[in-house]
Amino acid sequence: MLRRHGLFWLKTCPRLNVLLNQSIPIPHLLHSRDICQQRWYAKGKRRNQISKKELKPLNFSIPNYISVNKLANLLNCRVERLIKDLTALGFENITTTYILSKEYVELILQEYNFALPNLSTSTNLDNVYDELKSPVNPKLLTKRAPVVTIMGHVDHGKTTIIDYLRKSSVVAQEHGGITQHIGAFQITAPKSGKKITFLDTPGHAAFLKMRERGANITDIIVLVVSVEDSLMPQTLEAIKHAKNSGNEMIIAITKIDRIPQPKEREKKIEKVINDLIVQGIPVEKIGGDVQVIPISAKTGENMDLLEESIVLLSEVMDIRAENSPKTIAEGWIIESQVKKQVGNVATVLVKKGTLQKGKILICGNTFCKIKNLIDDKGIPILKATPSYATEVLGWKDVPHVGDEVIQVKSEAIAKKFISKRQDLIEVQKNSSIVEKLNEERALAKEQHLNKELEHENTVQEHEQNTGPKLINYIIKCDVSGSAEAVSESISSLGNDEVRCNVISSSVGIPTESDLKMAQITESTILCFNLGNLPSEVINNRAGIKIKQYNVIYKLIEDVTETLTENLKPIFEKKIVSTVDVRETFDFRLKKKIIRIAGCKVNNGVIKKNSLVQVVRGPNEDVIFDGKISTLKHNKDDVAEVSKGHECGITFESGFEGFKPGDKILVYENVRVPRYL
Ligand SMILES: Nc1nc2c(ncn2[C@@H]2O[C@H](COP(=O)(O)OP(=O)(O)OP(=O)(O)O)[C@@H](O)[C@H]2O)c(=O)[nH]1
């Protein structure tokens with residue numbers, strides 16, 4: 001493992017002395033590529049100074065992964081020497097079986113003065129498709145409609161505003177009254193006749209990620225605040241996102257019809273405005289440019305004003321996009337799902353260019369030849385221009401929400417780039433497997449050493465080493481946005497003892513391979529918004545637990561409960577009776593003399609097999625902790641003796657160290673309820 005901080009290059013590597021006085025920050029091990037790149041960069045000058053003559057030819061090809069032992073063989077050096085050099089390079093706890101990735105091997109080979117073939121390029125998952133895009137040509141920019149996101153606290157009225165705007169009832173169709181995924185649609189503002197595209201972001205905290213994406217692909221954020229509640233936690237969150245995204249903002253104070261009394265209404269609106277000022281929003285009242293519009297989406301009061309404000313602001317912003325016949329189309333996936341009879345469908349918000357039937361799009365690991373474009377009213381359309389959100393049919397696989405869509409010239413190009421991307425994913429996956437393997441080996445070694453030093457609390461140490469207990473889940477949802485959101489909201493649940501572990505999250509009914517994966521990983525499958533599941537899934541032969549939900553907080557509650565049940569039990573002693581030792585008797589049984597405590601029960605009941613502590617003196621020092629062995633009343637064995645009665649007691653493990661004046665505390669171990 002690499003050291004995370006401090007000087008990286010040490011004196012033991014003579015070629016590295018040049019960097020001795022530089023402190024190179026070392027990022028987390030996972031970013032091995034970055035680490036290598038930093039080192040290459042830091043050493044670039046020095047590298048250029050090494051003449052070609054000094055370099056040794058490399059007569060083997062560098063494998064993607066190789067153990068330290070095998071590398072030493074290839075380099076024809078002793079493995080102890082290689083380990084020493086690796087330690088000097090910043091690796092820790094290196095063993096002969098430690099696996100090195102190609103990037104590290106390249107670095108090491110350079111240290112050993114080998115001539116390297118072309119180094120790994122800096123292509124990564126974020127930029128692998130960049131070369132497909134066309135550079136922006138300012139001359140071709142034309143006006144486009146603003147993309148508006150409505151944000152705010154749960155139940156403050158986002159859906160009702162959208163509902164009013166498009167005059168269709170969305171509120172009534174939703175499960176649990178919560179908007180469960182981003183919907184997008186374009187309206188023509190009735191007064192100005194200008195177009196506005198709305199993204200309907202969900203109000204529940206679980207959908208934070210989707211909302212973040214909404215904020216990033218939007219031009220204007222309409223922040224909805226209920227006049228009755230003023231700013232609430234999710235309003236503050238939305239303000240934070242709005243500030244971070246740098247989008248323009250308009251405030252809509254909703255539900256004003258609920259306060260008909262003008263003076264009282266004015267007072268409440270004032271309070272909301274003041275709360276906004278406290279949050280650093282430059283509203284017009286203090287000379288800022290953020291407009292505040294009190295509205296009622298129920299009665300329609302001031303709704304025209306809100307639309308006009310959006311149109312006006314977008315005019316000022318002069319929002320444009322490139323859309324010439326040659327422009328390569330780009331956009332974002334804002335929703336995706338598998339639809340019965342239609343197949344894979346994704347809503348694409350067009351950023352530039354035009355989507356048309358027959359064009360080919362690439363997105364993540366999938367592509368599509370556009371079969372059809374459908375607008376938000378379910379009507380097929382011929383093309384979708386910038387700022388338009390349209391359902392795109394024809395995807396080979398369901399694309400992920402938030403992923404970028406880029407037009408490509410042919411299916412062959414799409415396939416070529418997808419395979420390039422998949423190679424990168426494979427490398428990344430293998431890297432994490434290798435890292436895990438290296439860590440497991442290091443842990444095993446550590447545990448082996450610990451075993452040698454083992455003493456009474458070894459078990460406890462082991463528990464600490466192995467980390468929290470993982471409760472595994474596989475998530476299946478109707479749309480990929482929900483799958484991500486559900487995964488996001490439960491994967492942070494847990495503590496140091498028990499944690500939720502999301503094995504996978506995807507769209508669609510659980511498949512055979514999901515069930516297999518659940519069996520191998522002992523996972524529960526959480527189904528969200530999937531409707532009725534086939535009985536072969538519910539009653540699967542492997543007995544995999546399948547749980548179904550259509551309200552997100554019920555799902556979170558359930559997972560939390562399961563995690564809580566898996567917390568280690570904690571017991572507390574509860575005293576149920578106290579007994580005084582008054583005298584002691586010696587009783588001869590065959591050849592053995594047995595000592596009996598002659599006692600009186602002060603309160604409660606003492607039972608045969610009761611757990612007891614014998615305590616002594618004013619500090620009640622415990623001199624015995626265990627079970628009683630026999631309980632007698634007069635000369636008879638009895639099951640229990642209650643308050644006020646006398647009894648004779650012997651103790652387990654032959655304890656006879658009691659004397660008159662001692663006290664016996666009878667207790668029960670009571671399980672203490674635990675919470676996450
Ligand atoms: N009287 C009145 N009621 C409103 C107004 N706006 C919304 N409501 C009501 O407030 C409740 C919540 O409204 P929604 O539009 O579902 O709120 P939301 O912010 O979209 O909620 P989530 O999707 O759960 O985040 C519903 O019962 C609406 O009828 C308004 O302007 N006036």
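In the range 294-327, what residues are of a type in the set (Gly, Ala, Ser) and part of a strand (DSSP E or B)?
The one that is of a type in the set (Gly, Ala, Ser) and part of a strand (DSSP E or B): Ala321.
Of everything in the range 486-533 that's open to solvent by 40 Å² or more (accessible area, probe 1.4 Å) and aliphatic (A, V, I, L, M), which residue is nearest to Gln548 (Cα to Cα)?
Ile509
Given the conditions (1) surrounded by fewer than 22 Cβ atoms within 10 Å (Cβ to Cβ); (2) modelled with pLDDT of 90 or more; (3) more than 35 Å from the chain's Cα centre (by Cα); (4) more than 16 Å from the ligand (Cβ to nearest atom), report the number of the one that Glu322 does not fulfil.
(1)
Hey, does the range 166-181 have a residue that's at pLDDT below 80, open to solvent by 10 Å² or more (accessible area, probe 1.4 Å), away from the ligand (no atom under 16 Å from the Cβ) and touching a helix residue (DSSP H, G or I) at 6+ places or on another chain (Cβ under 8 Å)?
Taking every residue of the range 166-181 in turn, none turns out to be at pLDDT below 80, open to solvent by 10 Å² or more (accessible area, probe 1.4 Å), away from the ligand (no atom under 16 Å from the Cβ) and touching a helix residue (DSSP H, G or I) at 6+ places or on another chain (Cβ under 8 Å).
Name the single residue that is nearest to the chain's Cα centre (by Cα) among those in the range 283-303 being within 9 Å of the ligand (Cβ to nearest atom) and open to solvent by 70 Å² or more (accessible area, probe 1.4 Å).
Out of the qualifying residues, it is Lys298.
Just checking, does the range 399-411 include any residue being in contact with a Lys or Arg (Cβ under 9 Å, 6 or more places away or on another chain) and more than 24 Å from Arg144 (Cβ to Cβ)?
Within the range 399-411, one or more residues are in contact with a Lys or Arg (Cβ under 9 Å, 6 or more places away or on another chain) and more than 24 Å from Arg144 (Cβ to Cβ).
Looking at Arg441 and the list (1) at pLDDT 70 or above; (2) over 23 Å from the mean Cα position of the chain (by Cα), which single condition is not satisfied?
(1)
Hey, can you tell me all the residues within the range 233-279 that are within 16 Å of the ligand (Cβ to nearest atom), open to solvent by 60 Å² or more (accessible area, probe 1.4 Å) and within 19 Å of Ser296 (Cβ to Cβ)?
Listed by number, the residues that qualify are Arg258, Pro260, Gln261, Glu264, Lys268.
Go through the range 246-282 and give me each residue that's part of a loop (DSSP other than H, G, I, E, B), within 33 Å of the chain's Cα centre (by Cα) and of a type in the set (S, T, N, Q).
Asn247, Gln279
Lys568: surrounded by fewer than 17 Cβ atoms within 10 Å (Cβ to Cβ), charged (D, E, K, R), over 30 Å from Glu484 (Cβ atoms) and under 27 Å from the mean Cα position of the chain (by Cα), yes or no?
yes
Just to check your reading of the model, which residue among Lys573, Lys554, Lys591 is outside the structural domain of Val612 (by the TED database) and charged (D, E, K, R)?
One residue alone meets the criteria, Lys554.
Just to be sure before I move on: is Leu611 at pLDDT below 95 and open to solvent by 30 Å² or more (accessible area, probe 1.4 Å) in the structure I sent?
yes
Determine whether the range 588-595 contains at least one residue that is in contact (Cβ under 8 Å) with a residue 40 or more places away in the chain, of a type outside the set (Gly, Ala, Ser), buried (at least 17 other Cβ atoms within 10 Å of the Cβ) and not in a loop (DSSP other than H, G, I, E, B).
No.
Scan the range 309-332 residue by residue and report those that are out of contact with any Leu (no Cβ under 8 Å at 6 or more places or on another chain) and aliphatic (A, V, I, L, M).
Across the range 309-332, the qualifying residues are Ile310, Val311, Leu312, Leu313, Val316, Met317, Ile319.
The values are calculated or read from the model by the stated rules, or taken from the named source; none is laboratory data. Just so we're clear, the structure is a prediction, and the values are computed from it rather than from any experiment. Cβ coordinates were reconstructed from backbone atoms using ideal geometry, including for glycine residues, and neighbour counts include every protein chain displayed. Ligands, DNA and RNA are stripped out before the accessible areas are found, and what is left, the full protein with its side chains, is counted by its heavy atoms. Shrake-Rupley method; radii C 1.70, N 1.55, O 1.52, S 1.80 Å.
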